[in-house]
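Only one structure is covered here, and it is reproduced in the block below.
The values are calculated or read from the model by the stated rules, or taken from the named source; none is laboratory data. Quick caveat: nothing in here was measured; it's all calculated off a predicted structure. Because the Cβ atoms are built from the backbone with ideal geometry, glycine has one as well, and the counts that use them run over all protein chains shown. Note: areas computed on protein heavy atoms with side chains; ligands, DNA, RNA excluded. Shrake-Rupley method; radii C 1.70, N 1.55, O 1.52, S 1.80 Å.
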Amino acid sequence: DNIQTELGDSFVGIIPVLMKAFKVLLVLMAFFLSSLFLYGLSYVAIMPGSVSVQKLYFDYSGIASHPVSNQIFPETHFRKTLPHILDNAPWAVADFFSKHSQWEAYNDDTIPAPRTSNRVLKPGGMYQVEVILDLPQSDINIMSGVFSVLVEILSVDGTMLASSVRSTRIPHETGWVSTIRKGVLLAPLLVGAAEETRTVKVPSFRYLVENEEMPLRYATVTLLSQENKPIEVMTGSILIGEELSSIQLLMKEWFFTCCAAGTAFIFCTHGITYLGFMAFLE
Amino acid sequence: DNIQTELGDSFVGIIPVLMKAFKVLLVLMAFFLSSLFLYGLSYVAIMPGSVSVQKLYFDYSGIASHPVSNQIFPETHFRKTLPHILDNAPWAVADFFSKHSQWEAYNDDTIPAPRTSNRVLKPGGMYQVEVILDLPQSDINIMSGVFSVLVEILSVDGTMLASSVRSTRIPHETGWVSTIRKGVLLAPLLVGAAEETRTVKVPSFRYLVENEEMPLRYATVTLLSQENKPIEVMTGSILIGEELSSIQLLMKEWFFTCCAAGTAFIFCTHGITYLGFMAFLE
Amino acid sequence: DNIQTELGDSFVGIIPVLMKAFKVLLVLMAFFLSSLFLYGLSYVAIMPGSVSVQKLYFDYSGIASHPVSNQIFPETHFRKTLPHILDNAPWAVADFFSKHSQWEAYNDDTIPAPRTSNRVLKPGGMYQVEVILDLPQSDINIMSGVFSVLVEILSVDGTMLASSVRSTRIPHETGWVSTIRKGVLLAPLLVGAAEETRTVKVPSFRYLVENEEMPLRYATVTLLSQENKPIEVMTGSILIGEELSSIQLLMKEWFFTCCAAGTAFIFCTHGITYLGFMAFLE
């Protein structure tokens, strides 16, 4: 049998060799894809799910005043008179207890029944809060540069629990790289499956502890741009998740490195098992 | 058997020669990679690990005033009235005792338990402090040129221990070199595994001695640009490591030279051992 | 056996001749490299080592005022009111007695133990001081043209011992020469082993005599550009070395000429010895 294939190869020429190489390539590809899939599965299994996700709808109107600016502002770290600044900035509010988000009801019957009336987080538990913003790749956003995201966490009765200011910008991308990206995504862009936006993740809080007496209920997100350069964000979301353990943190921070290493590991073990199995069969 | 292969070589022509050359190349490549890996291992083993690393989140909002500017500024070296300058500059603060970084808690229950309540460094030990900044390759950063990084080290009770001003800039890169770099990294750039940023390391302190009575706790990092040209830095990190010995310093300062020399040395010893072993077998 | 190969040569044609030429070339190359290496060794042996090297970290912030400008400026050579100029110029200071460089300690326990408390140079000895600057090849540096490097030498108690103003500029390089240079260095540039900088050596002092009573301790380096055109220098170093004897001076000033001549000399003596040895063997 062995002799026959060798003779066959030497007779038929290059086509069968290519066919064989193609088959080997197909098998390797299948192995690779299954390894990648397995790594993806284990990643999802290891990572904690998010406790609560709320959509953010930013208000640029200036009609409704910022919910926090009307309160007495705590005099801890923020010395300047914030309300003045906040009134002109686009803002959004999320209510983690309720289904209705950022629309005003003038009649209680208009409001849906709340998801919960108690709390969404475990008291004493540690959480992280992340704001995800969808930034259109418009000239205004590209030219605005760095802007700040102020997130304020409020309790059931409206007392402020914590606040965070983090800065971000739309990821810088050279023109031709951007063009290639759009070219690759042309079909989904034309169909409407993709949009010319970039997503930015703002890690607003880490190790935020849920208070026993004052459960977390509201979060307001305010966009503060420098020198009144506007920022264009229509939607986004705010996400509360359990604080990560060190291995989870590693897998998240070094996502692509871990993914490559994990996939390679699974691929190799796969291959060794397969070869051992083939040898066993023969 | 030996005679047969030699005859075979002289008969079959160029393909087997290429195959043999390819095999030799593969062996050499394997030797080279294992040498590089061994050098990498020994480098990691020789270098001291960092004692503490903290993420920096720069605040561009101008809402929260700079934590140090509100204190009475020591009248040692800095003659000019700093608070005025600092209030408009982006800043970040790191707390080496705590898990929560640069978010304000208005309620003590919201703050996570500290990592330590005592000290992170050995009293009397010598340390180096390094600030690592991720600079997007935006036009603003490229045109801003040199900017200064002011790092202030504070103790538990907020008394300032040391301050350092170091200047840096985004590494200059000619357009076509930049284009080649982006072309090489195109796939990771499109996927999102790489970003168009350059990393800058600022060696802020060398031979900083940990005080017996006043342990190091906070570090503030302020970006001071010339003539109000803004600098765009979203994240970075501050790193405290043990002071390097002279051999460690040499290996770090001349990283690539030492790497090349070390790898070559291991490669040669490898090769000699291998050849000796082969000769012994025959 | 010898006869056979000679017959083979005359038969087979051009390949063996090329092989022989290649062997001769290899031997010559080995001779040349060993000559160059020997010259390098003798150069290092002849040249005096540097007595002290200190890193310079330039301060562009304008926060910390220039250390010398606040002192009463000696009315010797500098007629103009310098402090006014110095306050806006980037400056760096080196302390040859201490390990800590250009960071301010507000507490004596934070400062590392000094290297020496006495002096680094021999009293009455003659020294040269050289400033080495790393200039990024940025447009700003290329267009700034000539700038001045003011070096001030101060004693233990801060009294000024000597000052020197030397002018320099980034070496002029035509665009296409620069492009070829970057093309040759492309791989190290992309990896990060090389940077687009040019190094400039400023010979600030020659035959500087160490004072018996007032030992040299500090050196400040100030960059004075014309018409407020900025210069971009992040790091550099200042080097004190023993004054050179005339032969050392010749070897340094005519470095490449001496290198070529010395290497050629060693190469020839090598070759004569080798040929003599071969003749002796036959």
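Scanning region B:105-125 for residues being assigned to a loop (DSSP other than H, G, I, E, B) and either more than 9 Å from chain A (Cβ to nearest Cβ) or within 29 Å of the chain's Cα centre (by Cα) (or both) gives a total of 14. The requirement of being assigned to a helix (DSSP H, G or I) and acidic (Asp, Glu) is satisfied by A:Glu227.
Please specify each residue of region C:219-233 satisfying the condition of being of a type outside the set (Val, Ile, Thr) and farther than 17 Å from C:Ser204 by Cα.
Step one: filter region C:219-233 for residues of a type outside the set (Val, Ile, Thr), giving C:219, C:223-230, C:232.
Residues satisfying the conditions are C:Gln226, C:Glu227, C:Asn228, C:Lys229, C:Pro230, C:Glu232.
Based on what the data block shows, is B:Ser163 hydroxyl-bearing (Ser, Thr, Tyr), outside any helix (DSSP H, G or I) and either surrounded by 15 or more Cβ atoms within 10 Å (Cβ to Cβ) or more than 8 Å from every other protein chain (Cβ to nearest Cβ) (or both)? The answer is yes for B:Ser163.
For region B:170-194, a tally of residues being part of a helix (DSSP H, G or I) and either without any contact (Cβ under 8 Å) to a residue 12 or more places away in the chain or not hydroxyl-bearing (Ser, Thr, Tyr) (or both) returns 15.
If you check C:Asp134 against the conditions, is it charged (D, E, K, R) and outside any helix (DSSP H, G or I)?
On the way: charged (D, E, K, R): yes; outside any helix (DSSP H, G or I): yes.
The answer is yes for C:Asp134.
A count restricted to region B:140-152 and to residues that are open to solvent by less than 10 Å² (accessible area, probe 1.4 Å) and within 8 Å of another protein chain (Cβ to nearest Cβ) stands at 5. At pLDDT 85 or above, farther than 20 Å from B:Met160 by Cβ and assigned to a strand (DSSP E or B): does that describe C:Lys55? Yes: the conditions hold for C:Lys55. Taking the stated definitions as given, is A:Ser50 over 15 Å from A:Tyr218 (Cβ atoms), of a type in the set (Gly, Ala, Ser) and modelled with pLDDT of 80 or more? Yes; evaluated as a whole, the condition is true for this residue.
Restricting to region A:81-97, count the residues that are modelled with pLDDT of 85 or more and not aromatic (Phe, Trp, Tyr). Number satisfying all stated conditions: 5. Among the residues of region B:166-184, the ones that are in contact with a strand residue (DSSP E or B) (Cβ under 7 Å, 6 or more places away or on another chain) and more than 7 Å from chain C (Cβ to nearest Cβ) come to 1 in all.
Inside region B:22-53, can you point out the residues that are in contact (Cβ under 8 Å) with a residue 24 or more places away in the chain and either closer than 20 Å to B:Glu243 by Cβ or open to solvent by 60 Å² or more (accessible area, probe 1.4 Å) (or both)? B:Phe32, B:Leu36, B:Leu38, B:Tyr43, B:Ile46, B:Met47, B:Pro48, B:Gly49, B:Ser50, B:Val51, B:Ser52, B:Val53, listed by residue number. In this structure, A:Gly158 does satisfy being out of contact with any Ser or Thr (no Cβ under 6 Å at 6 or more places or on another chain), at pLDDT below 85, open to solvent by less than 60 Å² (accessible area, probe 1.4 Å) and more than 8 Å from every other protein chain (Cβ to nearest Cβ).
Return yes or no: is B:Thr197 more than 7 Å from chain C (Cβ to nearest Cβ) and buried (at least 18 other Cβ atoms within 10 Å of the Cβ)? Criteria met by B:Thr197. Residue-level analysis places A:Leu189 among those that are more than 9 Å from every other protein chain (Cβ to nearest Cβ) and surrounded by fewer than 19 Cβ atoms within 10 Å (Cβ to Cβ).
Among the residues examined, A:His100 does not qualify as modelled with pLDDT of 60 or more, assigned to a loop (DSSP other than H, G, I, E, B) and surrounded by 17 or more Cβ atoms within 10 Å (Cβ to Cβ). Please enumerate the residues belonging to region B:221-253 that are away from every other protein chain (no Cβ under 11 Å), among the β-branched types (Val, Ile, Thr) and either touching a helix residue (DSSP H, G or I) at 6+ places or on another chain (Cβ under 6 Å) or over 16 Å from B:Ile132 (Cβ atoms) (or both). Answer for region B:221-253, where residues must be away from every other protein chain (no Cβ under 11 Å), among the β-branched types (Val, Ile, Thr) and either touching a helix residue (DSSP H, G or I) at 6+ places or on another chain (Cβ under 6 Å) or over 16 Å from B:Ile132 (Cβ atoms) (or both): just B:Ile247.
Screening the candidates B:Glu213, B:Glu227 for the property of being within 15 Å of B:Ile153 (Cα to Cα) and open to solvent by 50 Å² or more (accessible area, probe 1.4 Å) yields one hit, B:Glu213. Scanning region C:265-277 for residues that are without any contact (Cβ under 8 Å) to a residue 60 or more places away in the chain and open to solvent by less than 70 Å² (accessible area, probe 1.4 Å) yields C:Thr269, C:Gly276.
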